[in-house]
Amino acid sequence: MEPTVNDPYRIDQSTPPHPVPTQDQTERRTPGGGPVSTLLWALVAASIGLNAGFSIAGQDVIGSSIGGVAVICLGILLVRYLQRRRQL
């Protein structure tokens, strides 16, 4: 006997769990950010390491400057991610 009330939490195998993307939607998708994102992530990792090293060595001004580079790169990565997500 089929329930008469639409239960949004009922598991129903007759419908797919997610809508199937159309051909147009799959053509617009681009995987990741490519070499620019890879370069930015490598720059973030190097900046964090150098920031820690210079801060431990007592060179706070240089360490803070390099930390600022890491923050800027993270901001750029966030903006690029949000732009890609909006295109989907």
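The values are calculated or read from the model by the stated rules, or taken from the named source; none is laboratory data. Only a predicted model underlies this, so the values are computations on that prediction, with no experimental measurement involved. Please note: Cβ atoms are built from the backbone with ideal geometry, for glycine as well, and neighbour counts cover all protein chains shown.
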- GLY58 passes all but one of (1) at pLDDT 90 or above; (2) in a helix (DSSP H, G or I); (3) out of contact with any helix residue (DSSP H, G or I) (no Cβ under 9 Å at 6 or more places or on another chain); which number fails? (2)
- Item | Answer residue from the range 61-88, given it is surrounded by 10 or more Cβ atoms within 10 Å (Cβ to Cβ) and among the polar types (S, T, N, Q) and is modelled with the lowest pLDDT among those | GLN83
- Looking only at the range 27-50, decide whether some residue is surrounded by 10 or more Cβ atoms within 10 Å (Cβ to Cβ), acidic (Asp, Glu) and modelled with pLDDT under 95. no
